[in-house]
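Read-outs throughout are calculated quantities, based only on the coordinates presented, and are distinct from any laboratory measurement. Predicted, not measured: the structure shown is a model, and the values here were computed from it. Cβ placement follows ideal geometry from the backbone for every residue including glycine, while neighbour counts extend to all protein chains displayed.
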Amino acid sequence: MALETEASGGTAPLDFTTFYNVIDGELVSTSETRHSVDPTTLQPNPESALSTPADVDKAIAAAKKALQSWSKVPSAERRGAVLRFSKAIQALKEDFAIMLSKEGGKPLRFAREEVDIAAGMLASLQFNELPDVVIEDSETRRVVTKYTPIGVTVGFVPWNSPLTLACLKLGPPLVTGNTVVLMPSPFTPYCGIKLVELAQRFFPPWRCSSLWFTSHPGVDAVSFTGSTATGKRVMESCSKTMASVTLELGGNDPAIICADVDIKSVVPQIVHRAFFHSGQICMAIKRLYVHASIYDEFLTELVKETRDVAMSNGDHPLTFIGPIQNSLQFERVKDLLADIAKNGYTVALGDPQTAAQKGSYYVRPVIVDNPPEKSRIVAEEQFGPVFPVLKWTDKEDVLRRANDTRQALGASVWTEEMDRAERMMGKLEAGMVWSNAHFELHPFASLGGHKESGLAVENVPNEANPVLVRKMLSLHCHVAICNFASAAHLFESNPDDIIRHVGEPVRSEQVHDGGASRNSFAESL
């Protein structure tokens, strides 16, 4: 089934009732299908294609073919195509938002925000220019670092932010001349499928869904967002072909509240960053450390603010907390609640025995009051509206406790004193650290974790971009003669000498040792 091109401006409606694979610019049906459920109602969502190894081969071959032409398109034209794609998503905002709510359980007002964020992320790439870096330009040679597309990339998209993270997997590779195969989560495939169907109007063809991609010999780079356990398996699989790997994995993010904060203004921010999307965000606050001198007052305000947030179905305009997205995660959150009840931890809000609603995936918020540091609710990433608050008195001790995790994605310090914030931020072991904020992203700042929270970084339109190959070009005006003395001289000299002699031939008599001349390394062989 042929797809519409950009001739219509890319804004023609999409059919959000049927969901096919998109391979080589065509809608492709499969012999088997599957469906997820709407987590707000537990009713089935539409059927979507279930791919086979043959589909994978076709998708990779199509991406390889498209790479030959797309990589040669001038950068300005690629950036323009990404901008038009962004505008087309925005034009279909309500359709995408409704589908996001149905497949992910996200309240409709936040689903609309996700569409805005996804489109804005793509639009920001129009400023993504990456000129060659000239290292040396002398009479004898010109040394340049050039950035070229790595090739066919595969993006694995998780179920918690299926549109935003799909755009993160699509935009940076496409704007830099790569082609992309997108793999939406089987729990939330629908927006990803329609996003790729829409993208066919602007870019080369791609898309299929299958776990065989990670070891496919035709794949040059893999970007995976998801759990640490699965990320390790993806990395192991990619090692078979040495494909470039970017992993953005789980986080057990701490937030440290200092004694000087304005409690009334800080508490609403903490609630939003801990319970947004029912806590199902990798960079949500998972552990809250509050200074002992304000602990009781802060906890009282936190309970009051959390109790006031609305939990309802997704289309209610005031809904803040929606359901857990899928049954597997729902059962895991229930298991954490059971552990809290079993160990008799003090609970400031909620009842761990009744928080999980029967016949649904809804979980009412639970705040645990100062549980042991080694308890599961502190040591594990909850990924649900269940949240520990802990006391601290000593700065070095709370930093040690905050860093005592292998899932070091984000962290934050909340204080009115900026010098203190900067000192503490420098000691926090995480890929992203904030002061008086959390989960605040910038379109040109790196997105990635530390320790077991990730490998490499995303969202970087610069030389650290994992979908670019850094290629060194050394252009010599004449035949280059290997001069080992020159290399030795550069390593032994001070920086001023290196700068002065770059591009100049170095004679053996120029290399000195203790004031005495010596022969070149080549002559000593």
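Would you please classify the overall shape of region 253-448 from the alpha carbon gyration tensor, given that a ≥ b ≥ c denote the square roots of the eigenvalues, rounded means a/c under 1.5, and beyond that prolate means a/b larger than b/c while oblate covers the rest? Prolate is the answer for region 253-448, as a/c is 1.5 or above and a/b outweighs b/c. For the pair region 17-57 / region 157-178, the C-alpha centres are spaced 19 Å from each other. Helix 53-70 axis versus longest C-alpha principal axis of the chain: approximately 50°, rounded to the nearest ten.
Counting only alpha carbon atoms, the long axis of helix 418-427 and the longest principal axis of the chain meet at about 80°. Within the shell of other residues whose beta carbon sits under 15 angstrom from the beta carbon of Leu336, the net charge comes to +2, with Lys and Arg scored +1 and Asp and Glu -1. Cβ under 9 Å from Cys258's Cβ, Cys258 left aside: what net charge do those residues give with Lys, Arg +1 and Asp, Glu -1? Value of the local net charge: -1. Thr415: net charge of surrounding residues, Cβ under 13 Å, Lys/Arg +1, Asp/Glu -1, itself excluded? My count for the surroundings of Thr415 gives -3. When the trypsin sites (Lys or Arg not before Pro) in region 237-281 are filtered for DSSP coil states and for at most 15 other beta-carbon atoms within 10 Å of their beta-carbon, the remaining sites are Lys240. Within straight-line reach of Lys87, meaning a Cα separation under 19 Å, sit the following aspartates and glutamates at least 8 residues removed in sequence or on another chain: Glu4, Glu6, Asp15, Glu77, Asp95, Glu113, Glu114, Asp116, Glu197. Show which lysines lie in cross-link reach of Lys391 when reach means a straight Cα distance below 18 angstrom and same-chain residues fewer than eight apart are skipped. Here the lysines satisfying the reach criterion relative to Lys391 are Lys286, Lys374. Straight-line cross-link reach from Lys72 at under 17 Å between alpha-carbon atoms covers these aspartates and glutamates, not counting any fewer than eight positions away in the same chain: Glu129, Asp132. Helix 190-199 and the longest principal axis of the Cα set of the chain meet at an angle near 40°.
Kindly provide the trypsin sites (Lys or Arg not before Pro) of region 44-128 that DSSP labels as loop, not H, G, I, E or B, and whose Cβ sees at most 11 other Cβ atoms within 10 Å. Hits after loop and neighbour filter: Lys72. The loop-placed GluC sites (Glu not before Pro) in region 112-168, going by DSSP, that have at most 12 neighbouring Cβ atoms within 10 Å of their Cβ come out as Glu129, Glu139.
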